[in-house]
Amino acid sequence: MNKPKLPLLFALLTLVAALLVLQPSAVAQQEPTPSSAASAQPQQHDPASPPTAMSQSSESQTFTGKIAKSGSKLVLKDNATKATYALDDQDKAKQFEGQSVKVTGTLDAQTRTIRVANIEPGS
């Protein structure tokens, strides 16, 4: 009874071994999918697109709004867009608390903090 099982077992083991040897080369020959091809290429920044959450604008911008307290910090509240920005220079902002202002600086979009270059009374 062991004789008929031995050739069948040998054929099965040969088939499994052949599949194990051929599978890595079959995977390597597949064309990359669009998502894997995109991840392999470095991402290019489109200057027309808005800044991403992890980017910081290097250009100076002007923000308008009202200086207000948020907890223990002073922030700029833009009533037109309903946005609130932290201000990195609390000393400059303190003299304008409660007033409408124009803030010039660069925005760190990740932390929503304006690096203040200048604050002047708004119109």
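Counting only residues that are over 26 Å from residue 123 (Cα atoms) and either more than 24 Å from the chain's Cα centre (by Cα) or part of a strand (DSSP E or B) (or both), which one in segment 47-71 is modelled with the lowest pLDDT?
Residue satisfying both the conditions and the ranking: 56.
Test each condition in (1) touching a helix residue (DSSP H, G or I) at 6+ places or on another chain (Cβ under 8 Å); (2) not in a strand (DSSP E or B) for residue 74 and report the one that comes out false.
Result: residue 74 fails condition (2) only.
Does segment 92-112 hold any residues that are surrounded by fewer than 18 Cβ atoms within 10 Å (Cβ to Cβ) and either of a type in the set (Gly, Ala, Ser) or within 31 Å of the chain's Cα centre (by Cα) (or both), and which are they?
98, 100, 102, 104, 106, 109, 110, 111, 112
Residue 96: in contact with a strand residue (DSSP E or B) (Cβ under 6 Å, 6 or more places away or on another chain), of a type in the set (Phe, Trp, Tyr), at negative phi and at pLDDT below 95, yes or no?
No: the conditions fail for residue 96.
The values are calculated or read from the model by the stated rules, or taken from the named source; none is laboratory data. Since we're looking at a predicted model, the values are computed, not measured. Glycine also receives a Cβ, built like all others from the backbone with ideal geometry; neighbour counts cover every protein chain displayed.
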